[in-house]
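Peer 1: Please read through the structure below; I'll follow up with questions.
The values are calculated or read from the model by the stated rules, or taken from the named source; none is laboratory data. Quick caveat: nothing in here was measured; it's all calculated off a predicted structure. So basically every Cβ, Gly included, is an ideal-geometry build from the backbone, and we count neighbours across all protein chains shown. When the accessible area is computed, the model is the full protein with side chains, heavy atoms only, and any ligands, DNA or RNA have been set aside. Shrake-Rupley method; radii C 1.70, N 1.55, O 1.52, S 1.80 Å.
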Amino acid sequence: MKTKDLGNKEIMSENIKRHLSKKSLNVKEFSEIMGFKYTTVLDWVNAKTYPRIDKIELMSRYFGVDKSDLVEKYSETSSILSEINKISSQLEEPRQKIVLNTATNQLDEQNQEKKKESKVIPINKIPDDLPPYISRKILENFTMPTNTMEYEPDEDMVDVPILGRIAAGLPLDAVENFDGTRPVPAHFLSSARDYYWLMVDGHSMEPKIPFGSYVLIEAVPDVSDGTIGAVLFHDDCQATLKKVYHEIDCLRLVSINKEFKDQFATQDNPAAVIGQAVKVEIDL
């Protein structure tokens with residue numbers, strides 16, 4: 001029983017009226033059946049007073065419900081659960097086990113359906129008004145691999161796929177080849193996102209992102225200015241890892257290593273953001 005609902009006259013009033021309606025009774029008829037004073041029941045129904053516990057017990061027996069069905073705030077879900085509990089309690093143990101097994105199977109199916117629904121690939125939510133320096137073709141063709149690992153929220157580590165290599169410097173071909181997996185702490189991940197690892201093959205993001213390190217990428221179709229993003233160029237689907245800045249007519253891609261010049265995605269050389277860097281790991 002919910003303690004916060006106990007003594008709530010408005011909740012009691014609504015519940016009594018609901019059960020009276022189910023039995024097609026008015027207050028006078030109900031008070032006569034129960035042997036209660038008419039004015040006392042009227043005060044309950046009008047939320048002026050609250051019945052004593054013995055009266056609640058008598059009413060619950062008459063209506064054929066648990067006391068909580070009168071005391072607690074009504075909801076369709078709580079009503080269904082109350083009915084399930086009421087019926088199940090009358091079954092013999094072998095039949096109760098059948099009910100339990102059925103409910104367990106239904107819960108498993110529901111959880112599987114929710115996992116499928118939550119498997120969102122935000123990179124495919126492409127805006128209609130893309131600027132000319134953003135390649136729609138790249139975003140349309142960029143898909144996560146079918147063997148992306150699913151995981152339970154209570155797992156400590158999750159295996160995330162490694163997809164080819166990414167250039168930090170002069171762009172190299174970033175082919176979406178599944179190249180094994182690498183574990184990630186589960187708390188880094190969101191069930192509404194897809195993730196992949198890319199290996200850095202260049203020096204332009206040093207010292208923050210060294211050559212040979214692994215970068216965990218969250219698949220999103222854009223990043224805020226100054227965020228390190230994975231950017232895929234239209235020509236030969238080349239990718240690079242850079243700080244991304246949105247200019248009036250281009251994307252400016254900035255290296256951390258000042259020895260490397262800025263790169264630009266333009267209308268003549270379009271590109272698209274395919275994710276943002278969220279974690280860097282180095283194998284010693």
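Peer 1: Charges at C-beta only: +1 for Lys and Arg, -1 for Asp and Glu. How large is the resulting dipole of region 15-74 about its Cα centre, in Debye rounded to 20?
Peer 2: In debye, rounded to 20, region 15-74 gives about 140.
Peer 1: On full extension of the chain, what length is gained from residue 40 through residue 246, given 0.36 nm per residue of separation minus the C-alpha to C-alpha distance?
Peer 2: That pair, residue 40 and residue 246, stretches by 67.1 nm at full extension.
Peer 1: Sort 39-51, 257-269 by the packing proxy (mean of other Cβ within 10 Å over each peptide's residues), most packed first.
Peer 2: Descending mean neighbour count gives 39-51, 257-269.
Peer 1: Quick one: how many Å² of residue 62 are accessible to a 1.4 Å probe, rounded to 10?
Peer 2: Using a 1.4 Å probe on the heavy atoms, I get roughly 70 Å².
Peer 1: Past the 21 Å Cα-Cα mark, which pairs from 9/86; 243/279; 208/258; 9/55; 208/279; 37/73?
Peer 2: 9/86; 37/73
Peer 1: Rank-order 270-277, 83-90 by packing density, defined as the average count of other C-beta atoms within 10 Å over each peptide's residues, highest first.
Peer 2: Going from most to least packed, we get 270-277, 83-90.
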